[in-house]
Every structure is written in structure tokens, then in C-alpha cells.
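Asks: Handing you a structure now.
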Amino acid sequence: MNIRLLRLALLGWFAIGLGFTPQPGWGQENDLIITRLGLSQVRGTSLLTIMLNRSAQPKVYPVSDRRSPQLLIDFPQARTLDLPPNQPGDHHLVQQVRLVALPGGQGVRIIMDISPGQPYVYWRLSRAGTSGGYMYLVGLKPDLQSGGSPPGLALEKRSYAGSPPPPAADASRRPAASALSSENRTLAAGGATSTATSEYQQPSSNSMLEIAQLLPQAGPVLALLEQKGWQVQENTTARGGAKESRKFALSSTQYPDLSVIIEYIPGHPEVSPDIGVLALSTNNYTSSEAQKYKEMKRWDMPTIKKHFEDIGDYYDDGLKPLRLILREQTKATVLRNYEFYRQYLQTAVPQQSNLPETILKHTQEKVNKRLEGVQYTESENPLVIYDQVDFYSIRIYYVGK
């Protein structure tokens, strides 16, 4: 199998295809829909990402079977949207991910088949999505301190509803974060280090420095954004973890079709690391199709019922044709601004020198009209996701300081 296809199969966050289909009928106006599902690997953590149309808290519990251990995630009264019934594992801790109906058919059960003989711990995190919807994350990590306990039995011992558990400490490979005034700050990534270029060391404005204090790894790219005229337009705070989670929205008159959303998710002291997310997107692009698509995405269930007989028609006949047009329009937007994308990627992920060319190659590929979109995992550490569903976006995930 081609290595690129293998990586996509194993590490892609969201799989788009045919299979486990929604139950017919509208149900209640607050119907819960699982729109995307994917498994990835981030610094030794098996990460299951579940995208929902609204917030929900499923029941998560282990099946402690020595031969076939499982982690079950139940969403009562939920349905899925064109998701495959099976997804491959990560060759690490999870053998595969399966979708089945809950007993009685009223809801969805997600089954994570765990490799036998491997005790593990898990954590859960729910967040609002950066481009709408709701994100529910479940992370699993081998429990190296279980002392040989049966798989799954050590699961609740160190389970936290917050950020993922920290990777194993390695002082020789994880230098401490230096102060903002440091002349030569190095960025840890994938066990290797690379020095930020002298051209972009740290931003100077108070708003950008505030972000850099939360995300030291992002200092050089924040300096680049500042130099390119980007400014913080929104600065919001939400309680979460031991500290406050933060979200920043940036815009630039030089690049009116683009946006940058930066989110800081605090961890738990001595338990789990902080997480930083940088999302560069084309969702500021304006056209009649873009305006109509954004408006339709905000429709509530009564409004959808007025225009479509079935919720499947809303997605297939309403949103999908607009997505195909938007993918062509925003593809042109990315190519038109690609010199900025190149500088952004080179500065944000300097250890991946071929990343800009890889992203460009994917952007230039012909749009597959059979799929609503495609998503590429380009790097594991930091995790880099290139999403080509409607408004193209590149998300970079920094873990720890």
C-alpha cells in the first residue's frame, strides 16, 4: 500500500464515505447527529475525534475482557451521517473502530477494539468546533504503571476529563521552554529540535505577546502574522481545567478571505499538558454560494423541515452541491495566497521542510465530486491537519510547552 494512503487510513481524523446510515425520520428537533469520526496518533496517545451537530455527553465505559478488551462510547437517540461502519486502528493501542446501533436501534455505539494485554488509561474532552458543530475527543494511552494488571482494569485510575495525559518525560529530548526574551528559542517536535529563524523570533504587540505567553511554540509564527498585518479582533475566555481556556480570532486587511483562529486549552498540573490549536482557514471568503452555505448551516430543525422532506436531503441536495462549488472557489483562494501559506507553514512547522510543497500538491489536485471533502494528516508532532471539506483549513496542534 502506498505510504501516503496508509497514513491517511491510520491517522486521518475524519473519514468520509458510505456505510452506517442514519435512521429514517426526523425525530425530535434536537436530534443528535454524528457527522464525522476519525482515529489518529499524537505523541503516543490514540485520539478518537467525534464531530457532532450539537453538544452531547455520551456514556463511556470499558469492557475488561482479556481476549477482546473494548472501550464503548454510547450516544442514545443519535444517528450518523454517511459514516463507514469500520475504520482501521492505529497500530499502537487500538485495533479498529466500529459503529453499531445500540440495542433497540435507538442510538449509536462506537466500539474501540483494544489490543489484548495492554492496560491503558483514558481521558475525555468536549469542545465547540472551530468551524461550527461540536467536538468530542477520547484519548487512550498505555498505562505503564499498571504493574501488569489486566487490560482495561487500570482505566479509571488516572482518567481526567480535560487534556491528554503527558508523554513520557525525556529531559534530553524536551528542552524547557525559555522566556519570551530569549535570543535563541528552540522548538521541540517529534523528538528533534529546530531553531526558529532569526527573522521571526517573537511578536511585539501586547495582544500577540499574550498569545505567545500561552503558546511559546507559536512565537515565531505570531511574529510573522504581526508583520503581515494580522491583528487580534476577538479575545474570549472560558473556564476549563486548572486554568482558563482562551480563544483568539485574527484578521488581516491584506488577506481578507482568510482567518486565523487560535485556541489555548489548559491541562492539569503534573497530569496533562496544555494544547494549542492554530487554524488558518478560507472561511472569510465571500460569494453568493458561500453566503448561502453559511446561512443554511445555521438553520435549526424547524427551518430545515420547511425546505426538505428528510434530513438526508438537507445534506445531500442542500449542502453538498454548495460544498462542491466552495471547494473550487476556496481552492483558488489558497492558490492565490499561497506565498503567504508557504511562509506561514515554514515558520509554524520549521522541522517539516517539505510541508509547504506537500500542501500545495494537495491543493492542486482535482476535486473528487464523489466525496464531500478530503482531509490529510501531514505531520504527527506537531499534528498538522489539512481539511478540504468546504472552506479549506490547516490546523496545527501544539502539545505542551
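Asks: Beyond 23 Å, how much of the Cα-Cα pair distribution for the range 282-367 remains, as a whole percent?
Replies: Of all Cα-Cα distances in the range 282-367, 41 percent exceed 23 Å.
Asks: Still on this structure, please answer the following. So if we plug the beta-carbon distance of S287 and S55 into 1/(1 + (r/R0)^6) with R0 = 22 Å, what FRET efficiency do we get, rounded to 0.05?
Replies: My answer for the efficiency is 0.15.
Asks: Also: Please get the size of the charge dipole for the range 208-399, origin at its Cα centre, with Cβ charges of +1 on Lys and Arg and -1 on Asp and Glu, quoted in debye to the nearest 20.
Replies: In debye, rounded to 20, the range 208-399 gives about 300.
Asks: Hey, another quick one. When N counts the residues of the range 208-399, how does its alpha-carbon radius of gyration compare numerically with 2.2 N^0.38 Å, as a ratio?
Replies: 1.11
Asks: Taking 2.2 N^0.38 Å as the expected size of a compact globular protein, what ratio does the Cα radius of gyration of the range 32-142 give against it, to two decimals?
Replies: Ratio of Rg to 2.2 N^0.38 Å for the range 32-142: 1.01.
Asks: How large is ³J(HN,Hα) for each residue in the range 289-296, as worked out from phi by the Karplus curve 6.51 cos²θ - 1.76 cosθ + 1.60 (θ = phi - 60°), to whole Hz, x for Gly and Pro?
Replies: Along the range 289-296, the couplings run 5, 5, 5, 5, 5, 4, 5, 5 Hz.
Asks: Are any of the pairs K59/K141; K247/K361; K306/K366 more than 25 Å apart by Cα-Cα distance, and if so, which?
Replies: K247/K361; K306/K366
Asks: Can you compute 3J(HN,Hα) from phi for each residue in the range 220-235, using the Karplus curve 6.51 cos²θ - 1.76 cosθ + 1.60 with θ = phi - 60°, rounded to whole Hz and x for Gly and Pro?
Replies: x, 6, 5, 5, 4, 4, 4, 5, 7, x, 6, 9, 6, 9, 9, 9
Asks: Apply 1/(1 + (r/R0)^6) to the Cβ-Cβ distance of K366 and A332, taking R0 = 22 Å, and write down the FRET efficiency to the nearest 0.05.
Replies: Efficiency for this residue pair is about 0.95.
Asks: Using θ = phi - 60° and the Karplus curve 6.51 cos²θ - 1.76 cosθ + 1.60, what whole-Hz ³J(HN,Hα) does each residue of the range 113-122 get, with Gly and Pro shown as x?
Replies: 7, 9, 5, x, x, 10, x, 8, 10, 9
Only the coordinates and a few stated rules stand behind these numbers; no lab work does. None of these values were measured; they are calculated from a predicted model. Virtual Cβ from ideal backbone geometry, glycine too; neighbours counted across all protein chains shown.
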